[in-house]
Amino acid sequence: MDYPKLKSIIEGLLFLAGEEGLSVKQVAEITEQSTGLVEEALEDMKEEWARQERGLQIVQIAGSYKMATLAEHAPYFERLAYSPSRSSLSQAALETLSIVAYRQPITRVDIEEIRGVKSERAIHTLTTKGLIEEVGRAEAIGRPILYGTTKLFLDYFGLASIKDLPEPSQFEDAESLEEETQMLFDKLDGHQLTFDDVEN
């Protein structure tokens with residue numbers, strides 16, 4: 001495998017890994033390259049992206065490499081988050097929220113297995129709006145992040161604790177997600193959860 005192709009593959013891997021990131025060892029195993037070569041490629045990419053003033057950067061945190069936005073761009077990201085056209089929760093976000101509410105603590109991978117689709121964007125939306133948060137790390141390979149609901153979630157839904165969620169039936173079938181999501185819809189009493197609601 002030539003060096004430029006390796007860096008291209010690593011970029012794709014980091015994108016798919018999302019906020020959990022990947023260790024040098026993980027990338028080396030996936031690409032079947034030496035850890036030394038992988039680490040060299042990652043460091044080269046970090047320098048190249050910084051030199052090119054790209055909108056993303058590669059950072060190393062707790063032994064893992066991941067993509068991240070630039071801190072100086074934060075005001076623009078806030079405008080996007082608070083944009084009226086993006087103020088309400090999407091169906092994907094509501095589904096993800098219901099999964100976290102009923103199955104917490106839960107990892108992104110487990111959420112995606114239940115939904116059957118990628119959920120990183122929905123998780124980011126819910127985290128940005130303060131409805132879910134990192135509550136720990138799973139005892140599994142890579143120590144994936146565990147998500148749970150926040151006090152803001154309880155406040156908005158008028159719950160004293162997570163135990164006060166509408167009682168689900170014993171979810172054993174494929175319709176369980178729809179039923180859980182519908183319970184959250186019902187709890188909203190017909191009004192739309194918007195960013196303004198969350199902030200106020």
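What the table shows:
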{"read-out": "Total formal charge among the other residues, if their Cβ is under 11 angstrom from that of G21, Lys/Arg +1 and Asp/Glu -1", "value": "0"}
{"read-out": "D164 versus L13: modelled label distance in nm, points set 7 Å from Cα along the beta carbon direction", "value": "4.7 nm"}
{"read-out": "Cα-based convex hull, the stretch 3-69, per residue volume (Å³, whole number)", "value": "76 Å³"}
{"read-out": "Computed over the stretch 18-150, the ratio Rg/Rh where both radii use C-alpha atoms and Rh is Kirkwood", "value": "1.01"}
{"read-out": "Pairwise FRET efficiency - V109 versus A62, Cβ, R0 = 22 Å, nearest 0.05", "value": "0.75"}
{"read-out": "Formal net charge of residues neighbouring G142 (Cβ-Cβ distance under 13 Å; K, R +1; D, E -1)", "value": "+1"}
{"read-out": "Cross-link table K46/K129; K7/K129; K5/K46; K129/K151; K7/K66; K5/K25, entries beyond 23 Å C-alpha to C-alpha", "value": "K46/K129; K7/K129"}
{"read-out": "Those residues of the stretch 54-75 whose amide nitrogen sits under 15 Å from the label point placed on K25, 7 Å along Cα→Cβ", "value": "62-65"}
{"read-out": "In nm, spacing of pseudo-spin labels at E32 and R121 (7 Å Cα→C-beta vector)", "value": "3.3 nm"}
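Every number in this text was worked out from the coordinates using simple rules, so none of it is lab data. Everything numeric in this text was worked out from a predicted model, so none of it was measured. With ideal geometry, Cβ positions are generated from the backbone for all residues, glycine too; neighbour counts draw on all protein chains shown.
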